[in-house]
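First up is the structure itself, then whatever we jot down about it.
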Amino acid sequence: MIKLVNRSGKFLRQLKSNEREALEAMGKFSKGKMDIHAAVDTGYMRSRNTYVINRNELFLMNDCSYAIHQEYGTYKMKAHPFIRPAALNYVGDLKRIAAQYLSKGM
């Protein structure tokens, strides 16, 4: 006699947990890269680098009032991006981190 056991619930819970851990690891990695790329005068802007995870999406952000001007520049100042390079220059590393965490326990 063959007995079939449905373990899809356990699998989905594990996948959800892995997904959250992957996003956390990717957020920490990206924040570190933002810190590296951020222009530093007083260090205030760099101290405001952070990330937020909302509904399986990772958002890199900085709430310093002049961060947007550093990222995109103004008509008087050239851009000194630090958020976009933190994500776009390290796509391979972010994919590796995601794959490492998503395959955990499967």
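For the range 1-35: of the residues being closer than 16 Å to ALA67 by Cα and touching a Phe, Trp or Tyr at 6+ places or on another chain (Cβ under 8 Å), which is surrounded by the most Cβ atoms within 10 Å (Cβ to Cβ)?
Once the filter is applied, the top-ranked residue is MET34.
Residues are listed down the side, and each one gets a yes or a no for (1) farther than 16 Å from ALA99 by Cα; (2) in contact with a strand residue (DSSP E or B) (Cβ under 6 Å, 6 or more places away or on another chain); (3) at pLDDT 90 or above:
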| residue | (1), (2), (3) |
| --- | --- |
| SER8 | yes, no, no |
| SER17 | no, no, yes |
| ARG20 | no, no, yes |
| MET45 | yes, no, yes |
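What are the pairs with Cβ atoms under 6 angstrom where one residue, in the range 52-66, is under 29 Å from LYS16 (Cβ atoms) and the other, located anywhere, is polar (S, T, N, Q)? Sequence gap at least six, or different chains.
Within 6 Å, the pairs are LEU60/SER30; MET61/THR50; ASN62/ASN49.
Check whether at least one residue in the range 85-94 is in contact with a helix residue (DSSP H, G or I) (Cβ under 8 Å, 6 or more places away or on another chain), in a loop (DSSP other than H, G, I, E, B) and either touching a residue at least 24 places away in the same chain (Cβ under 8 Å) or exposed (fewer than 11 other Cβ atoms within 10 Å of the Cβ) (or both), and report yes or no. So that I can check it myself, show each step before the final result.
Going residue by residue through the range 85-94, those that are in contact with a helix residue (DSSP H, G or I) (Cβ under 8 Å, 6 or more places away or on another chain) are 85-87, 89-90, 93-94.
If we keep only those that are in a loop (DSSP other than H, G, I, E, B) too, we end up with 89-90.
After this cut, where a residue has to be either touching a residue at least 24 places away in the same chain (Cβ under 8 Å) or exposed (fewer than 11 other Cβ atoms within 10 Å of the Cβ) (or both) as well, the list is 89-90.
Yes; the residues of the range 85-94 include at least one that is in contact with a helix residue (DSSP H, G or I) (Cβ under 8 Å, 6 or more places away or on another chain), in a loop (DSSP other than H, G, I, E, B) and either touching a residue at least 24 places away in the same chain (Cβ under 8 Å) or exposed (fewer than 11 other Cβ atoms within 10 Å of the Cβ) (or both).
The values are calculated or read from the model by the stated rules, or taken from the named source; none is laboratory data. Just so you know, these numbers come straight off a predicted model, no measurement behind them. Glycine also receives a Cβ, built like all others from the backbone with ideal geometry; neighbour counts cover every protein chain displayed.
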